[in-house]
Amino acid sequence: MLPFLAIFRHDLRILLKSWLVRIWFMAAALLALVLLMSSWAEVKTAPMIASLMVPWLVFPWFVVVMVLGVNPITGSRTEALADGFLSRPIARHEYLLAVWAARLAVVLGTYLIVTAPAVCVAMLAKRPAPADHVTLYGVVASMAVVALVLALQVSLAFLMGTLLRKALLAVVVLLFLWYPVNAVLHTFRLEAFSPITLSQTLPTLLRQSWRTGEADLPAPGTELEIEELKRQAATFLSVLSGGAAEEAPRRKPGFFEQNALREFSLTKVLLGYGVPAIASLGLALVAFWRRDL
Amino acid sequence: MDLAIRTEHLTKIFNNRNVAVNDMSLEVPRGAVFGLLGPNGAGKTTTFRILLGLQRATAGRAEVFGIPCGPNAVEVRRMIGYLPTHPQLPGHLRPIEYLDLLGQLCRIPKEIRKPRLVSLLRAVGLLGQTDQPIETLSTGETTRLGIAASLVADPPLLVWDEPTAGLDPAARRFTLDLIRELGKSRTVVVSTHILSDIDQVCDHVGVMHEGRMIFSGPMQDMKRRLRRDDFLLEVGGQDREVQRLAAQMNAVEGVDVQVRGTNTLLVRLPQERSQAALLAELLKMVDAAGLPLAAIHSGLHETENAYLQLLQEDQSHGFQRFDLRPRRADAPVPGDLPP
């Protein structure tokens, strides 16, 4: 355990000293403050908290997370890594797990330090906005879901960094993979796992209670909303197959009002993000083990 | 024989294109100071990196103290203190922080680690630089820190890759003295293409060329390969007098004397006659000519000559170097001296 902790602490120190992490932290805090203030007077608590999570789920922070994940075992660092650490009595998997854990700690630490106080303020402050019932379970579950998505992003970036060796190339490939992920998941009827859908279902999850589970869910969406969902899917497929887009309806529901996924299952989402994260880490370990330094 | 390093038919081909190590068999006896010689690109560094598990062998096997090498051979790396050429160390750390980190990687308890770090820094003369980041250290200081890093775990085998490269004369002297000192208590393998370094500190030598081990054995065996029938005499006096002396010496049967540079005579003696008697006769001539004798050199640059001779021989063998016969593990390496 001593080598693991040594590498973990060393990498953590490097990360905390890096300008990327410092600037990211400040920008994330600033954005959270702006989001909080902009929805202070009118928006209900659940959509307000959900809006704080959107930058972590959809854009822009996944870019920073992926850059952080790609970095440690690519490019010019490899030689220094080999000379400095891997020629010592430490197993490769120990090294890789330690740097992965350090990156995950920085990403989740930044996320929690920025988001948790903002969520507390949104929940506890007296605001002129209409009352909303947000549960503690819902808040913890929502934050855990976002943390899991971030863990998947770090692990995917790790895998790409190990496979492609060049940091810039790995980041570009990741962006090309991550951007269309929502469309791809919708196409395969896996929209429950798409980050956009996930951010839209967060208000539902935030209002959910631990004991009653599904019984306490808010009333199902209207027929109009179901029709809207069907129409969107049909339009997407129609556009993909070269057809014309359907005419847009007169009123479009708000981003968090779509209630698109009433069959939201926390277990499914946890598995849907957890298993690929572990698989990516496992593949990164195998690729790194097989690789010449 | 108790071996520190043993490789059998070790081969490394990068991307199915570049042959770095070619069917190399090597045995380094425990306790030896082994010099690995070879021109740039001969495969020395690749061999070291295979031993450390940083690279995988394409074929063949390598063992350190009987343990197979590989990426996860932590036990092997525990026994090796590695110094890379121009070590790339984490520049933001201070020397003591870096050594402490390595001590933790080597699983050394704090009670042993901390005192050892200080004594190592003192031993390599870096106590005055403990508060400076590594990136501000000079090349010599970085190499000395690399040396200290290789000794953190007190390993029984030191593998130093061109430890004197880029060092000033004082730092080079320091490093060579250290190798000599450390060689008394452990096995040391040093790669270099500076032949005088090998000459000064090594008792065993291996010569690599184009990825192959073309000679491996005691230093004396390598030197014995040379014809030892030439001497250099440095004498005083005018050029004219030196020329006259050379002419007198050439009159002795079988002796060939040439004037080289200023006041230096290259004397070649016939192998079939007593070299001591002939040399005595020639020295009497110097005395009779009234010229002061400044120095006598025997077999000058003999290691260099032996090394170059080995490379030339290897190249001249041409297609004979190709060998399809299955070899026993204990069979001599091509280029070895007959027993």
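Values computed for the structure shown
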quantity	calculated
Some residue of the stretch B:139-149 being open to solvent by 10 Å² or more (accessible area, probe 1.4 Å), over 20 Å from B:GLU27 (Cα atoms) and at pLDDT 90 or above	no
Tally, over the stretch B:200-210, of residues that are open to solvent by 60 Å² or more (accessible area, probe 1.4 Å) and under 15 Å from B:THR164 (Cβ atoms)	1
Cβ-Cβ under 9 Å pairs, at least 6 apart or on other chains, the stretch A:45-58 side farther than 18 Å from A:LYS126 by Cα and touching a residue at least 60 places away in the same chain (Cβ under 8 Å), far side polar (S, T, N, Q) and not in a helix (DSSP H, G or I)	A:SER51/A:SER39
Selection count where residues are part of a helix (DSSP H, G or I), more than 7 Å from chain A (Cβ to nearest Cβ) and among the basic types (Lys, Arg), scope the stretch B:70-126	5
Scan of the stretch A:80-101 for residues that are more than 14 Å from chain B (Cβ to nearest Cβ) and surrounded by fewer than 20 Cβ atoms within 10 Å (Cβ to Cβ), ordered by number	A:ALA101
Neighbours by Cβ (under 6 Å, 6+ apart or cross-chain): first from the stretch A:264-279, under 24 Å from A:TRP210 (Cβ atoms); second loosely packed, with under 13 Cβ neighbours inside 10 Å and of a type in the set (A, V, I, L, M)	none
Any hit, the stretch B:175-187, residues being open to solvent by less than 10 Å² (accessible area, probe 1.4 Å) and over 16 Å from the mean Cα position of the chain (by Cα)	no
Exclusive hit being in contact with a Lys or Arg (Cβ under 9 Å, 6 or more places away or on another chain) and either under 30 Å from B:GLN220 (Cα atoms) or open to solvent by 80 Å² or more (accessible area, probe 1.4 Å) (or both), set B:GLU272, B:GLU253	B:GLU253
Conditions (1) touching a Pro at 6+ places or on another chain (Cβ under 9 Å); (2) facing another protein chain (nearest Cβ under 9 Å); (3) over 30 Å from A:LYS17 (Cα atoms); number of the one not met by B:PHE14	(1)
Strands (runs of 3 or more DSSP E) wholly inside the stretch B:3-62 that include at least 2 residues being acidic (Asp, Glu)	B:18-29
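The values are calculated or read from the model by the stated rules, or taken from the named source; none is laboratory data. Everything quoted here is computed from the prediction, not taken from an experiment. FYI the Cβ positions are ideal-geometry reconstructions off the backbone, even for glycines, and counts take in every protein chain you see. These accessible areas exclude ligands, DNA and RNA; they are computed on the full protein's heavy atoms, side chains included. Shrake-Rupley method; radii C 1.70, N 1.55, O 1.52, S 1.80 Å.
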